Every structure is written in C-alpha cells, then in structure tokens.
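Have a look at the structure below before the remarks.
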Amino acid sequence: MLDAPKNEAILAYSPGSPERAEIERALARQAAEVVQIPVVAGGRRLAGSAVQPVVAPHDHRHVLAHVQQASGAQVAAAIHAAVDAQRDWSQWSFEDRAAVFLKAADLLAGPWRAKLNAATMLGQSKTVYQAEIDSACELIDFLRWNVAFARELQQHQPVSPSGMRNSLEYRPLEGFVYAVTPFNFTAIGGNLACAPALMGNPVIWKPAATAALSNYFVLELLEAAGLPPGVINFVPGDAQTVSAGVFASPDFAGLHFTGSTAVFDALWRTTAEHLPSYRNYPRLVGETGGKDFVLAHPSADVAALSTALLRGAFEYQGQKCSAASRAYVPASLWPAVKARLTDDLATVKMGDVADLRNFMGAVIDRKAFDRIAGYIKLAKESDGAQIVAGGQCDDRTGYFIQPTVIEVTDPNFVTMREEIFGPVLSVYVYADQYWPDVLKLVDSTSPYALTGAVFAQERAAVVEASATLRFSAGNFYINDKPTGAVVGQQPFGGARRSGTNDKAGSALNLMRWISPRTVKETYVPASAYPYPHMR
Ligand code: NAD
C-alpha cells in the first residue's frame, strides 16, 4: 500500500507575509553576488577548461554566475568517480538512501526554500509563484513521493511455496545514469538526477547552461542532506564534449533526459551506434517536446476557457512543455473569448521578476528570443494569420516577448504545428457544426502527444473527445488548462514524438532504474536425478 505523502503547500507571497520578506532578502543577496560554479566529480570541485556566464534573462547584462565547462578528462574523472561510488551506495539499505532525499526535501521546505526560489527567479526568469511551484513544491514532492513509490514497488515479491524461498532483489543498473536536464524546471533537473540515485545508481548530471545556477544549488542541497561524494556528479559544459565522454564509456547504463525531441533523437542514435560496446542495454528515458492543444466545444464556459488559455499559454512565458500553444474555438464562442482574452492580456504586466507585481518575465536567452520572434514575424507576413494580441519583441534590457495571440485561417499553419516554446498561442476558429472533423484535426496536426485539454459542459462531448483523442495526449485535461501537473496527482509524460512516456514522479519511472535479481533458495534440494516416470 502506498503511504502517500502530502503535496507541499504553495506559499502565497502576499504583501506583509514572512515568505515575501524572506524571498526579497534572498533576491537582493543573490543579485549582488557572482557565484562560481565548478565541475563536481567525486565530491571534488574542479576548474574546467573554459568559463561561461549565466545572466538574468530579464536583464541580460546582469551576470549571476560563472560556470566551469568540463574538459574531456574531467568527464572521464566524473565517470570514474561515479562507477567507484556505486559499490558503496548500492549496498546501502534503501531506507538509508531514502533518508538523504527525505532530508533534502525537509531542508528545501525550510531553510533552503528562498535560496532555490531566488536562483530560479533570477537565473530562469520565473515569477515568484512560478518559482515556488517549481523549485520548492515540485522538487520537494518529487523527493518525497519517489521514496513512497519506491517503497511500495519493492514490496512486490514472488510467492514462496513450502520448501523454498523466492525473492526479487531490486538491484540498480550496473553502471551509471546520464541525466541531461532542461532549463525550464529546476525540479526536473533535480528529479532526473535524484530518481536514479534513489534506486542505487550513480549519476552524471549535465545541467542546461542557462539553469546552472539553480541546479548547482540543488547539488549543494543534496550534499547538505548527506549525499556521499560521487553519487551525483555535476558536469556542466559543452554538450558535445560531455556526451562524447559518456557515450564512450562501457558503463553507460541509462539516459534520463528531458528536453527537445531533436536532441533526444540524437542521443538515442549515438547510443545505438555504440551499443555493442556497452556492458548492458542502456535504458533510454526521454520526455521531449509538445504542441499542446485546447479544444473548446460550443458548450464550453467562456470565462473558464479564456482564463485557461491565458494561464495555460503565457505563464512562464509559454516555456512549459505542457503550455497551450494551439486552440480550437467554435465560431459561436470566439467573439466573447477573444474579447475577454484580449481585455485580460491588456492588464498583464511583464518585466523584472524581482518586482512581484509582474505576471511574466523574459524568455530564456537570445536563441529562444530569435526563434520565437521569427515565428511572430512569419505570422505578421502571412495572409493566413492575423495577430490579435501582442506581437512586440524587445531585447534591449531583457529577452521580452509580449504574450501573443495569432488567429489562423489555415489549421495547418506553421504555428499550429511546430513547437515554438514561447508566449505564442495560435487559435483556429471553426464552424460549430464541424466539431467531429475538428476532433480529427486536433489528433493529426502535430507529431507530438504531450498534453491537451477539452472544454465542454455537455458530457457527451467530453466522452467523444476523450475517446477520439485517446492517443493525442499523455496528460489529458477536462475543463482545465493543460499545464500544472502535480506529482502524485497527475503523473506526467506523453507519447508519440513527446517522449517515452515513463511518467516522471511515479513508480513507472523508478522501474526503469532497477534491474531486478530473482533469487530462489531450496531448503532441501533433490539428491538423485531420476524422476518417478522413469521407474
Ligand atoms: P534542449 O533540448 O535544447 O536541451 C536539453 C538538454 O540537452 C540541455 O541540458 C542541453 O544542454 C542538452 N543538450 C543539447 N544538445 C546535446 C547533446 N548533443 N548531447 C547532450 N546534451 C545535449 O531543451 P531545452 O531548451 O533545455 O528545453 C526545452 C525543451 O524541453 C522543449 O522542447 C520542451 O518541450 C522540452 N521539455 C519537455 C518536458 C516533458 O516533460 N516532456 C519538460 C520540460 C521541457
């Protein structure tokens, strides 16, 4: 039976609250310093072969940290340390390993909370609420729930008829896991490293360059909780250099990846090329891109729909893999939805996340800014698309892109199909009677299948959408926005080109990091070979 922990409560940061005073102090402290982030191999802090700055996306002249870039030799040293650490770590009892992560969760819920949230706000340009639900609540939940799921998992044992004892030993993989993590969630960074480690695997953790600050603080948190050296090795650096070292090692046993589909494809191909040199078949777990939909039925509630579109598409600047990025709205509702959405958007404040009145910050870096601005430009130049809100991009101080709504006449317009990963929502308005055709359109327009939502008050429409869109999303929402999955409540992940759907923050994910051994002990073994039928 699952001994389910409670989800960490979200703090409100209202004016006058103690948490607000604390986050303001942490923001001021971190804004005034430049953190030196080393390569950490076997617990040793190393200077790399080069240094890269981490800047605040909403104020790109503000350098927050310098990150050492691992050399090839340091990658090899980290792998050596990982393989070395596994002997001890995997012999620890499960409860001893679990205690490290449970302690980390408690530290994060208490004295480390403001530090992690401030780093996520400054380094990844999250508002305080977006940071709180990520680097505090979600990471705490991952740490606590994974322990609960792993305990439950290990209770599954085979039967032992009289005269023997059968057991399943939940061994880790033989080798190390490569955790390659995205910029957009501090919690995902931590979880991709911690989930395999909890199950007894050592880890090489390559953080995204732009999230290195918060991710390094996660490593420090784990060290403060008693994680032994070498179990999680922090290896920032050039992705090609780090990957070259990892994939050349016969001890590479698993990849725990979250990021874009193209990168996961490349890592899968590289694994395949090296396959015969590995001691084991590596486990490949990847959660990748999305083109997440909101489908409204003519019976949808307008206020609920337009609120879900605004929050679902624009919170954290649309940089959530689950963010609503294409919507299908019936013509009968569109005028009211459009009016409400554009009125609300006119009140949305965007700017420095240290100003807690803002609803949005900046997009992560120059590359993202240029990519998103390119899609907006395409829409402006196209006859088949019209900008109905936003559309301005300004990179003078930070990488700011206005929340942008594009109304398209062609449901296959490029912004309806491709992942943009920014604050851009495309809307296709359909004639009400075409609802059944629109269901098919939603299913077939993009290669992804991560999240999706249907809005309808008629139950029959919900039933029909749920059936027709069964394979269109790994996380399907009814009358709610497609973002905001909570650990333990909505296990997260999608199929098709959105990943291997191993559901982060669930027992399904943890099962990928174990290689069970079956043990049979016979109390009184046979002492002669003939069977009765041979008499
Ligand atoms: P990204 O693919 O650019 O980077 C992800 C990680 O891969 C980073 O650490 C990056 O440095 C690394 N990387 C890049 N090239 C590599 C290589 N050749 N070898 C090894 N590592 C390499 O993605 P991102 O911009 O950090 O994140 C955005 C993407 O992540 C979006 O596509 C989004 O949908 C996806 N995402 C998916 C989920 C999910 O659960 N499905 C969650 C969050 C983000």
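The values are calculated or read from the model by the stated rules, or taken from the named source; none is laboratory data. Source: prediction; values computed, not measured. Neighbour counts are summed over all protein chains in view; Cβ atoms, including those assigned to glycine, are modelled from backbone coordinates with ideal geometry. Each accessible area value is taken on the protein alone, full model and side chains, heavy atoms only, with ligands, DNA and RNA left out. Shrake-Rupley method; radii C 1.70, N 1.55, O 1.52, S 1.80 Å.
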Please express the shape of region 292-478 as an equivalent ellipsoid: the semi-axes are the square roots of 5 times the eigenvalues of the C-alpha gyration tensor, given largest first in whole angstrom. 27, 17, 16
The pairs in Lys103/Lys503; Lys291/Lys503; Lys291/Lys440 lying past 21 Å Cα-Cα in this model are Lys103/Lys503
Hey, what do the phi angles of region 81-97 turn into as Karplus ³J(HN,Hα) couplings, whole Hz, using 6.51/-1.76/1.60 and θ = phi - 60°, x for Gly and Pro? 5, 5, 4, 4, 5, 4, 3, 6, 4, 6, 8, 4, 5, 4, 5, 5, 5
So how tilted is helix 139-154 from the main axis of the chain? Cα-based, degrees 0 to 90, rounded to 10. 40
Net charge contributed by nearby residues that have their C-beta within less than 12 Å of Val75 (K/R +1, D/E -1): 0
Show me 20-29, 81-90 ranked by packing, highest mean number of other Cβ atoms within 10 Å first. 81-90, 20-29
Quick check: the distance between the Cα centres of region 392-412 and region 430-448, to the nearest angstrom? 24
Given the chain, what percent of its DSSP beta bridges are antiparallel, to the nearest 5? 40
What trypsin sites (Lys or Arg not before Pro) in region 354-450 are in a loop by DSSP, with at most 16 other Cβ atoms within 10 Å of the Cβ? Arg357, Arg396
Taking the alpha-carbon distance from Lys481 and a cut-off under 12 Å, which aspartates and glutamates remain once sequence neighbours fewer than 8 residues away in the same chain are dropped? Asp292, Glu315
Mind grabbing the base-10 log of I(q)/I(0) for region 174-258 at q = 0.18, 0.21, 0.23, 0.25 Å⁻¹? Debye formula, identical points on the C-alpha positions, no solvent, two decimal places. -0.68, -0.94, -1.13, -1.32
Using a 1.4 Å probe over the heavy atoms of the protein chains, calculate the carbon and sulfur portion of the accessible area of the chain as a whole percent. 54
Could you state the angle between the C-alpha long axis of helix 186-198 and the longest principal axis of the C-alpha atoms of the chain, as a value from 0 to 90 degrees rounded to the nearest 10? 10
Express the accessible area of the chain per residue in Å², computed with a 1.4 Å probe while the remaining protein chains stay in the model. 41
Which values, in whole Å and largest first, are the semi-axes of the equivalent ellipsoid of region 395-535 obtained as the square root of 5 times each eigenvalue of the Cα gyration tensor? 50, 22, 14
With no solvent and one equal point scatterer placed on each C-alpha of the chain, evaluate the Debye formula and give log10 I(q)/I(0) for q = 0.06, 0.09, 0.10 Å⁻¹, two decimals. -0.31, -0.67, -0.81
Out of region 372-468, which GluC sites (Glu not before Pro) are coil in DSSP terms and have no more than 13 other C-beta atoms within 10 Å? Glu458
P(r) for region 258-388, please, calculated from all Cα pair distances in 10 Å bins and given in %. 10, 29, 31, 17, 9, 4, 0
